[in-house]
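J.: First the structure, then my questions, so here it is.
The values are calculated or read from the model by the stated rules, or taken from the named source; none is laboratory data. What you are looking at is a predicted structure, and each value in this text was computed from that prediction instead of being measured. Cβ sites come from the backbone with ideal geometry, for glycine too, and all protein chains shown count toward neighbours. Protein only, heavy atoms only, side chains kept; ligands, DNA and RNA dropped before computing areas. Shrake-Rupley method; radii C 1.70, N 1.55, O 1.52, S 1.80 Å.
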Amino acid sequence: QLQLQESGPGLVKPSETLSLTCTVSGGSISSSFYYWGWIRQPPGKGLEWIGTIYYSGSTYYNPSLKSRVTISVDTSKNQFSLKLSSVTAADTALYYCARRIAVAGTTYFDYWGQGTLVTVSS
Amino acid sequence: DIQMTQSPSSLSASVGDRVTITCRASQSISSYLNWYQQKPGKAPKVLIYAASSLQSGVPSRFSGSGSGTDFTLTISSLQPEDFATYYCQQTYSTPMYTFGQGTKLEIK
């Protein structure tokens with residue numbers, strides 16, 4: 001059974017860089033069938049797609065965050081990572097990693113991590 | 001950017017009720033629309049993909065319809081475990097995605 005697990009600091013200071021890692025187990029991140037993504041959810045609010053990466057390193061970012069986001073992949077560790085720079089309180093959220101699958105000409109996120117709460121505060 | 005608007009934002013219903021949630025896209029997205037269910041403290045779970053295809057393992061009381069700009073998620077007979085928040089997601093602009101703001105389904 002595929003599992004995704006987010007890890008990283010739960011508290012980040014304003015103006016610093018948020019760094020999270022998603023470890024994939026029960027399957028290979030190098031599979032050609034899947035992309036891997038980050039989605040966040042501020043407390044009590046809705047879902048926001050942050051970005052997606054392919055095992056080859058191709059990345060796609062939310063235009064509203066693009067100037068601050070970097071997503072990378074480490075196939076040797078079966079992990080992918082998120083860096084978000086110059087954070088503010090507005091970046092406080094539950095951060096999820098997820099697998100994106102393509103089926104019948106469409107795509108969706110079929111496996112998700114449990115999420116990790118990151119609070120931006122001094 | 002494609003904007004997704006759900007209605008209502010919240011909804012109260014009783015066990016056994018038929019419930020419909022609507023999602024509207026700011027431009028035509030064909031059938032590139034997914035529905036997710038999120039329970040408190042849990043990650044979202046996909047229910048419907050491609051507007052009307054039921055994800056494996058999801059009960060048949062869930063159904064989706066629509067194309068173009070207007071979509072609906074219907075629960076034919078509400079069960080206690082269905083009280084949750086529901087989100088639509090457009091994938092027309094893959095690999096860029098946007099979600100609706102969510103509809104919270106509460107017990108009446």
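J.: For A:Lys66, all conditions in the list (1) more than 10 Å from the chain's Cα centre (by Cα); (2) in a strand (DSSP E or B) hold save one; what is the number of the exception?
T.: With (1) more than 10 Å from the chain's Cα centre (by Cα); (2) in a strand (DSSP E or B) applied to A:Lys66, the lone miss is (2).
J.: Now, a different point. Of the residues that sit in segment A:101-122 and are buried (at least 21 other Cβ atoms within 10 Å of the Cβ), over 12 Å from the mean Cα position of the chain (by Cα) and not aromatic (Phe, Trp, Tyr), which one is modelled with the highest pLDDT?
T.: Selected residue: A:Val118.
J.: Can you tell me which residues in segment A:101-122 are assigned to a strand (DSSP E or B) and more than 7 Å from chain B (Cβ to nearest Cβ)?
T.: Taking segment A:101-122 and keeping what is assigned to a strand (DSSP E or B), we get A:101-103, A:106-112, A:116-120.
Within segment A:101-122, A:Ile101, A:Ala102, A:Tyr111, A:Thr116, A:Leu117, A:Val118, A:Thr119, A:Val120 qualify.
J.: Still on this structure, I have one more. What number goes with the only condition from (1) part of a strand (DSSP E or B); (2) over 30 Å from B:Ser10 (Cβ atoms) that A:Ile39 does not pass?
T.: (2)
J.: Hey, could you check segment A:80-100 for residues that are open to solvent by 50 Å² or more (accessible area, probe 1.4 Å) and not in a loop (DSSP other than H, G, I, E, B) and say which is nearest to the other protein chains (Cβ to nearest Cβ)? Break it down into steps so the answer makes sense when it comes.
T.: From segment A:80-100, those open to solvent by 50 Å² or more (accessible area, probe 1.4 Å) are A:83, A:86, A:88-90; that's our starting set.
From what's left, not in a loop (DSSP other than H, G, I, E, B): A:83, A:89-90.
Values: A:Lys83: 19, A:Ala89: 20, A:Ala90: 16 Å.
Applying the filter and picking the extreme gives A:Ala90.
J.: A further question follows. Restricting to segment B:80-92, and then to whatever is within 12 Å of B:Ala25 (Cα to Cα) and polar (S, T, N, Q), can you tell me which residue is farthest from the other protein chains (Cβ to nearest Cβ)?
T.: B:Gln90
J.: Let me confirm something: among B:Phe62, B:Phe83, which residue is at pLDDT 95 or above, of a type in the set (Phe, Trp, Tyr), touching a strand residue (DSSP E or B) at 6+ places or on another chain (Cβ under 8 Å) and more than 28 Å from A:Ile53 (Cα to Cα)? Steps first, please.
T.: Values: B:Phe83 fails: at pLDDT 95 or above.
Answer to the selection: B:Phe62.
J.: Separate question: How do the strands (runs of 3 or more DSSP E) wholly within segment B:1-101 filter down when requiring 3 or more residues that are open to solvent by 50 Å² or more (accessible area, probe 1.4 Å): which remain? Spell out the reasoning first.
T.: Numbers: elements: B:4-7, B:10-13, B:19-25, B:33-38, B:45-49, B:62-67, B:70-75, B:85-90.
Filter on segment B:1-101 gives B:62-67.
J.: Something else about it: What number goes with the only condition from (1) at pLDDT 95 or above; (2) open to solvent by 50 Å² or more (accessible area, probe 1.4 Å) that B:Lys108 does not pass?
T.: Every condition holds for B:Lys108 apart from (1).
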